[in-house]
Every structure is written in structure tokens, then in C-alpha cells.
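Accompanying notes for the structure given below.
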Amino acid sequence: MTYPSHRVCAIVDDRNDASQALDALIKTGAKEEDIEILYGREGIDLLNPKESGHGFFSKMAKKFPSFSDLGKTLIRVYESALLRGGYVFVVPAYSDRDKETISRSLGSGKAREINFFSSSYVESL
């Protein structure tokens, strides 16, 4: 997984809520093949909390050194959710309207820690 530029990332803790969020995303026009859902050990490996340089947060910290502390904090938050059996959604967003629609859709699945990653900043939604 590469740096999540122009992506909304969020945590959904429950399988039924994750299903509801996915359904809401698709109903609002998101393409299912564009939605990444991280789960379990594989999801943790994609986040790459050990900072070996392959996960998207590790790449973010290298590309934008000023994000290092933020990146490390987000790694811990998302990793913790995955360790507890939660899901991390990663959804493309290319406009403010996309961000709002995706945030609302994820919210229908009780998402938390909803963040938009641009190529140069992170915005909490």
C-alpha cells in the first residue's frame, strides 16, 4: 500500500457497521473496487507499524518529515483498532464534496478517526 494521497481513512469497529458503511459508500457512488478495507494481521502489515518502509504511514513519514509524529500517532490508532478486530477503510476522495459524502457514508457505519490525506496535509473530518 502506498501513501494514501487523496484518501479518506476511518475506523469502523463492528462487522455489521462495516457492512453498513460499505453499502452506504456504494449507494453514494463509490466504486467497490476502489474501496480498501484493512482487517486483521494483513491490515496491520499494510499499515506497517514497524516502520520498515513499506506501509503507507511509513512512506508518509519519509515523504513528509513534518508528519512523522502525526504518522506515528495515526499508526498506533489504526493498528490498535485492527488488533481489536476493527476495520480500517481507505476511500479515494478528490474534492470537498467527495470528502463530505464519504464521511457521511462512513458515519452511517459508526466510523471514527475519519481523516482525509491530501498530498501535503491531513485533515480531520
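The values are calculated or read from the model by the stated rules, or taken from the named source; none is laboratory data. If you're wondering where the values come from, they're calculated on a predicted model, not measured in any experiment. Please note: Cβ atoms are built from the backbone with ideal geometry, for glycine as well, and neighbour counts cover all protein chains shown. These accessible areas exclude ligands, DNA and RNA; they are computed on the full protein's heavy atoms, side chains included. Shrake-Rupley method; radii C 1.70, N 1.55, O 1.52, S 1.80 Å.
Looking at (1) touching a residue at least 12 places away in the same chain (Cβ under 8 Å); (2) open to solvent by 10 Å² or more (accessible area, probe 1.4 Å); (3) assigned to a helix (DSSP H, G or I), which is the one condition that is false for S119?
S119 satisfies all of (1) touching a residue at least 12 places away in the same chain (Cβ under 8 Å); (2) open to solvent by 10 Å² or more (accessible area, probe 1.4 Å); (3) assigned to a helix (DSSP H, G or I) except (3).
Can you pull out every residue in the range 28-42 that is part of a helix (DSSP H, G or I) and either within 12 Å of I102 (Cβ to Cβ) or not charged (D, E, K, R) (or both)?
D34, G40
Is it the case that G71 is modelled with pLDDT under 80 and either of a type outside the set (S, T, N, Q) or not in a strand (DSSP E or B) (or both)?
yes
Can you pull out every residue in the range 85-113 that is assigned to a strand (DSSP E or B) and open to solvent by 20 Å² or more (accessible area, probe 1.4 Å)?
Across the range 85-113, the qualifying residues are Y87, P92, R112, E113.
From the list D23, D17, D45, which residue is at pLDDT 55 or above, in a helix (DSSP H, G or I), open to solvent by less than 70 Å² (accessible area, probe 1.4 Å) and farther than 22 Å from Y121 by Cβ?
On inspection, the qualifying residue turns out to be D17.
Show the residue pairs meeting these rules: Cβ distance below 8 Å; 6+ apart or different chains; first residue within the range 3-27 and over 17 Å from Y39 (Cα atoms); second residue open to solvent by 30 Å² or more (accessible area, probe 1.4 Å) and assigned to a helix (DSSP H, G or I).
Going by the 8 Å Cβ cut-off, the qualifying pairs are Y3/K59; Y3/K63; A24/R104; I26/E32.
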